[in-house]
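Contents: one structure, followed by commentary.
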Amino acid sequence: MTDNVAQFQAQAAVLDAADTLASKRDAFSLPDNTVYLDGNSLGPLTQEAKARAKDVVERQWGQDLITSWNSHDWIHLPTIVGEKIAPLIGAAPEQVIACDSISVNLYKLLNAALRLQADRDVVLTTADNFPTDRYMVEGLNASIGERAITLRSVEESAILDSIDERVAVVMLTQVNFKTGNRLDMQAITEKAHQFGCLVIWDLAHSAGVLDVQLDACNVDFAVGCGYKYLNGGPGAPAFVYVAQRHQANYRQPLQGWMGHAAPFSFAPDYQAPTTIKQNLVGTPPVLSMSVLDASLAVFADVQMLDIEHKAIGLTQFFVDGLDAYDLKTCFHGVSAVGHGQSGAQVGLCHPDAYAICQALISEGVIVDFRAPDILRLGFSPLFLRYVDVATAIEKLADVMQLQRYQAAEFQVKQAVT
Ligand SMILES: *Cc1c(COP(=O)(O)O)cnc(C)c1O
């Protein structure tokens, strides 16, 4: 062991001993001998969520049946969950609701924002934004008839200079899903407003891990994910944020009965509520919404700023580990990390990234691959320890230095990467 490696390993224990969030790990139900660096893709199960899943199936559905809509308040779950998410993203009450997926919520927001901007025809986004965000704009064109919307795609570095009077909506993801690069929400939102544009922020890789400040940044609209850092379980509902000042004029196109001003009046014509509830469409998925609700308990007594600090601490420690083990030169790109600069993930570029990913998984280090050549590692701060990061680096060194990823078994592509 070189001195650098010995020092790095020793540092992990020091950092864990000083970690004020360390006890949060006990709230999770994690498998043994696994370092889970995919909390950014599918957050792990919490003890509270496990208990709730059992209760909602066996007691609420099994015993109390339809009376549970009232007795267990199923009908208000989207609002209850939205209000629990609000403080995590810097939103005052009555602006966030849990419903549908990010994709569907983006459709609502894009359509509503374009209605508010009748004389503009450009949606500005990044060329490497998450595909669904881009696809939803492409699909919108088919549904809004005569009015052709142009998707203007630019590099992250060109966003500020690409904002002009033709832009109706600036739609961006705060943390890049591949590289982990973090955009400056405040500066971009401010510039967009100077030019009369509305902004939609996708918080898929920031909600639950960064100290997002939607109200303070004067954001118009936002969406975010329930199953990533919020640990809501596979396919958990997403959430949507509509700033209070827009709610009176906001009209989203998916006019469903649950988003009617009085759903149980069963009125023949739709009437929009001028509240965040307008975003509801159909019946909420009670099982997964309940699990998401329970998962949020882990955030009840922690500050987002502390979570963000640890997230950056873990990512920086990982990058320090690459140096200590002299691994940086194995990759043709390593994403930059740092406060204000990144989220909680690191992307490593390598032509064999897929095989490296599989080799690491076989060693109990769960990471993921993003085409064409990125090995993506997420550092979710509520359950990861610095010693886990040290273990991951040690395994990565093994896989790279012995080229273990060259084995035939690691070359086979599966349906989900
Ligand atoms: C994960 C992710 C999504 C997922 O969208 P769903 O419709 O909820 O599946 C959307 N946007 C970004 C940036 C993501 O990372």
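None of the figures in this text is laboratory data; all of them are computed from the coordinates on show. Small disclaimer: the values here were computed from a predicted structure and weren't measured. Cβ sites come from the backbone with ideal geometry, for glycine too, and all protein chains shown count toward neighbours.
Take every Cα-Cα distance within the chain, group them into 10 Å bins from 0 onward, and report for each bin the whole-number percent of pairs it holds. P(r) over the chain, rounded to whole percents: 5, 21, 30, 25, 14, 5, 1, 0. Sorted on the mean count of surrounding Cβ atoms within 10 Å across their residues, most packed first, peptides 1-10, 101-110, 197-206 read 197-206, 101-110, 1-10. The GNM of the chain, with springs linking C-alpha atoms under 10 angstrom apart, assigns the highest mean-square fluctuation among Gln255, Gln63, Gln247 to Gln63.
For the pair Glu94 and Leu402, the difference between a 0.36 nm per residue extended length and the Cα-Cα distance amounts to 105.4 nm. Protection proxy ranking of 365-375, 235-245, by the mean of other Cβ atoms within 10 Å over each peptide's residues and highest first, is 235-245, 365-375.
Counting only DSSP beta bridges with both residues in the chain, the antiparallel share comes to about 55 percent. Dipole magnitude for the range 1-155: about 340 debye, using +1 per Lys or Arg Cβ and -1 per Asp or Glu Cβ, origin at the Cα centre.
For the chain, a simple Cβ point-charge model (Lys and Arg +1, Asp and Glu -1, everything else neutral) yields a dipole of about 780 debye relative to the Cα centre.
Electrostatic bookkeeping for Leu292 treats Lys and Arg as +1 and Asp and Glu as -1; over the other residues with beta carbon under 10 Å from its beta carbon, the sum is +1. Checking the Cα-Cα distances for Lys24/Lys395; Lys228/Lys413; Lys191/Lys310 against a 27 Å cut-off, the pairs over it are Lys191/Lys310.
Here the calculated FRET efficiency for Gln7 and Phe195, from their Cβ-Cβ distance with R0 = 45 Å, stands at 0.35, rounded to the nearest 0.05.
Counting Cα-Cα pairs of the range 164-241 in 10 Å increments starting at 0 gives whole-percent bin shares of 19, 49, 26, 5, 0. For the range 288-354, the convex hull spanned by the alpha carbon atoms encloses 128 Å³ per residue. Given a 10 angstrom Cα cut-off, can you work out which residue in Ala98, Ala127, Ala311 is the most mobile in a GNM of the chain? Sorting by GNM fluctuation, first place goes to Ala127.
The dipole here belongs to the range 1-50: it is taken about the Cα centre, uses +1 on the Cβ of Lys and Arg and -1 on the Cβ of Asp and Glu, and is about 120 debye.
Calculated FRET efficiency, Thr329 to Ala158, Cβ-Cβ distance, R0 = 30 Å: about 0.50 to the nearest 0.05. The GluC sites (Glu not before Pro) found in the range 80-149 that occupy coil by DSSP, while having at most 15 further C-beta atoms within 10 Å, are Glu146. With point charges of +1 on the Cβ of Lys and Arg and -1 on the Cβ of Asp and Glu, referenced to the Cα centre of the chain, which listed residue (Asn111, Ala168, Ser362) lies farthest in the positive direction of the dipole? Ranked along the dipole, the leading option is Asn111. Multiplying the residue separation of Ala22 and Glu165 by 0.36 nm and removing their Cα-Cα distance gives an extension gain of 46.6 nm.
FRET efficiency for the His339 to Ser29 pair, using the beta carbon distance and R₀ = 35 Å, is estimated at 0.70.
Here's the picture: charge each Lys and Arg Cβ at +1 and each Asp and Glu Cβ at -1 in the chain, and of Gly343, Met304, Pro237 the one pushed furthest to the positive end of that dipole is Pro237.
Taken over the Cα atoms of the range 287-417, the convex hull encloses 128 Å³ per residue.
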